[in-house]
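Inspection log for the structure reproduced underneath, given as structure tokens.
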Amino acid sequence: MSENTTYEELEEAEQRPFNKTLFIRMLAYLGRYRREMALVGLGILLAAGVPLFEPYILGQVVDKGIVAKDVSAIKRLALILMSLHLLGWVGGRTRVWMSAVIGQGVLFDLRDDLFSHIQRLSLRFYDKHPVGRIMSRITSDVESIARLLNTGLVTFVGEGINLIGVLAVMLWLSWRLTAMAFVTIPLLLIIIVKLRTTIETSWRNVRKSISNINTNVNESVNGIQITQSFVRENRNKQTFGGLTQDSNNSWMTAIRADEAIWPSVDFVGVLGTGLVIIVGSSMVFNETLTVGFVIAFINYLWRFWAPLSAMSKLYGMTLSAMASAERIFLFLDTAPEITDKPDAPEMPAIEGEVRFDHVNFKYDPDQDWILNDINFTVRSGETVALVGHTGSGKTSIVSLLSRFYDPIEGAVKVDGRDLRDVRVASLRRQMAIVLQDGFAFSGTIADNIRYGKLDATEEEVEAVAKAIHLDSFVQSLEDGYSHDVGERGNRVSVGQRQLIAFARALIADPRILILDEATSSVDTETERIIQKATETLLEGRTAFIIAHRLSTIRHADRIMVIDKGRIVEWGTHEELLAQHGRYFDLYLTQFAERPSSNGKVKELVAV
């Protein structure tokens, strides 16, 4: 990627200039298939090399068989011709089959490497890369590279051998006719150079139009409930229709420009062939050449233009693969931000004490501090609630505790150990988090609960479900714990997804628990059930609860009030209300105040 190329331009680029370094990295994926590559090479030699003899044999059929009226010579030459075709067919089949094996293998390896790598990347990577772009890298960009290494490279080698062989035979037969045939090649080069800019621009427009369609589809699917509630289906249809029409127009323009090269090759080939026919015929009339010789030479000439035409089609495929490779290797070259030190030990069994030691943090170097001098200690088994306005820094605190990010300054410690000094997996295995949306994976209820402990038995799954009051709902289902929750859990309610998330956390038996707005999206009845589940889940564990509903955290051991990245208040529910400070103000925004005669809050009634 050049210094002058922006990331946005790279994302939109359909094609990029040939890059030797990227090409070598792509070829490295073929190294895993040496045996298959050897078979492909053998197939190429048979499929491309054997047919080189056919035009010569056909010329001999004309001169030594038809003209000489020698039937036995015709039969003998026909048998040789059929044998050559059989060898060519075997070679072609071997080449096609082994190429498919290699192509699918490279496709698998690239996708596996890319997916495995992005699984280890830090959340900062996902903050900067939309899901659609990541999916495009794993699907279309990987396919583009696999197509080049499979179809493109095999075609280039096979047709290259064919081209060199044909040229060598033509020069051996008659260098004068060969020179006459290639007089028109400079014209072909001029046409290709003229069309190159148009082709690149056209395919870039195609890429942009496809990107616009993907963005629109992603928004439309995710926002379908809003669309239908406001009856905007027709408007969405019109917008999508316009984007599709733009894509169609861009595609047709690109195809017209792309396809202009092939008729150009054919036209130049016809001109060269015409010259050979004229000169060759005159030499036949002068008895310098035979009819069969001229027929054979013209056949070779057409066999020269055919691989040239096929190879010229690889130009766009190669540049497209370069653009894809640049994007893919940019991902693969992105180092995980959160890594283990080489000598980092396993995190011992956690007792649960958490300490933030003068922590300062921001997500990007050029933005303001998100957290400013955060300094506190939470005792083992204590439940701490974090409250504050949106954007105050609550989620950033628990993200640092989970070591999704590292502090810029200061340290986050568990049981006195800096989280950067222990293996991150050994830390996270002893923690669990329940998010606001209660994410559910495609699969059964049991599978989703077992995600917290992959080897959990059916009895363990049912036990945690009962403990968090999910079992009664599951038992009402015809297929019970085998009920498929659907994509993102769309076949169960929001509250049921949240209970499944609680069960998933409980079965992991974490020492530190994080609840991030775990009840903000559910109704009052479901909230009461979740509150009971929360009591079970919190028992004996260090817990951090983020909540906007202050009624859900009044029984926390301590409450931390965050404002603009700073801890402004710290205490129990009663202590903070008595201070009449920031927490008091937040509390009154959710409740109606009726002061008594002495000025204290006499009654707080939910509104």
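Read-outs: derived from the displayed coordinates by stated rules, not from any lab. Source: prediction; values computed, not measured. Cβ coordinates were reconstructed from backbone atoms using ideal geometry, including for glycine residues, and neighbour counts include every protein chain displayed.
For the reader, a short list of remarks on this structure follows.
- Phi angles of the range 277-289 translate, via the Karplus equation with coefficients 6.51, -1.76, 1.60 and θ = phi - 60°, into HN-Hα couplings of 4, 5, 5, x, 4, 4, 6, 5, 4, 7, 6, 7, 10 Hz per residue; Gly and Pro are given as x.
- In terms of overall dimensions, the C-alpha atoms belonging to the range 183-235 reach 69, 17, 11 Å along their principal axes, ordered largest to smallest.
- Calculated from backbone phi, Karplus (6.51, -1.76, 1.60) coupling profile of the range 83-93 in Hz, x at Gly/Pro: 5, 5, 4, 5, 4, x, 5, 4, x, x, 5
- With contacts taken as Cα pairs under 8 Å and at least 6 residues apart, the range 13-97 reaches a relative contact order of 42 percent.
- When only the Cβ of Lys, Arg, Asp and Glu is charged (+1, +1, -1, -1), the dipole of the range 441-488 relative to its Cα centre reaches about 240 debye.
- Applying both filters, DSSP loop and at most 12 other Cβ atoms within 10 Å, to the GluC sites (Glu not before Pro) of the range 420-524 gives Glu478.
- Qualifying GluC sites (Glu not before Pro) for the range 233-326 [loop in DSSP, other Cβ within 10 Å: at most 13]: Glu287
- Residues Leu187 and Ser229, FRET efficiency given R0 of 41 Å [Cβ-Cβ distance, rounded to 0.05]: 0.05
- Scalar couplings 3J(HN,Hα) for the range 493-498, obtained by applying the Karplus form with A = 6.51, B = -1.76, C = 1.60 to θ = phi - 60°, are 6, 4, x, 5, 4, 5 Hz; x denotes Gly and Pro.
- Label-point gap, in nm, between Arg554 and Ala100 - each point 7 angstrom along Cα→Cβ: 7.0 nm
- Shape category assigned to the range 330-381 from the gyration tensor of Cα positions, a/c cut at 1.5: oblate
- If only the Cβ of Lys and Arg carry +1 and only the Cβ of Asp and Glu carry -1, the dipole of the chain around its Cα centre is close to 2120 debye.
- Principal-axis tilt of helix 291-312 within the chain, Cα atoms, nearest 10 degrees: 10 degrees
- Relative frequency of Cα-Cα separations exceeding 25 Å in the range 175-288, percent: 53 percent
- Relative contact order for the range 175-288, counting Cα pairs under 8 Å that sit 6 or more residues apart, in percent: 53 percent
- Interchain or long-range residues, amide H under 5 Å from Ser122's placed H: Glu337, Ile338
- Fully extending the segment from Trp369 to Arg256, taken as 0.36 nm per residue of separation minus the present Cα-Cα distance, adds 35.4 nm.
- In the chain, a dipole from Cβ-located charges (positive for Lys and Arg, negative for Asp and Glu) runs towards its positive end, and of Ile213, Ala508, Ala543 it is Ile213 whose Cα lies farthest in that direction.
- Dividing the mean sequence gap of close Cα pairs (under 8 Å, 6+ apart) by how many residues the range 18-173 holds gives a relative contact order of 36 percent.
- The chain, helix-only ellipticity at 222 nm - DSSP H runs n ≥ 4, -39,500 (n - 2.57), divided by all residues, nearest 500: -18000 deg cm²/dmol
- For Asp563, the amide hydrogen comes within under 5 Å of the amide hydrogens of Val568, counting only partners 5 or more places away or on other chains and with H modelled in the peptide plane.
- Averaging Cα coordinates gives a centre for the range 120-164 and one for the range 377-419; these two points are 40 Å apart.
- Cut-off under 5 Å, modelled amide H: who pairs with Leu386 long-range: Ile545, Ile546, Ala547, Met560
- Loop-resident sites, the range 45-79, for trypsin sites (Lys or Arg not before Pro), counting at most 15 other Cβ within 10 Å (DSSP): Lys69
- Where both bridge residues fall in the chain, DSSP classifies roughly 60% of the beta bridges as antiparallel.
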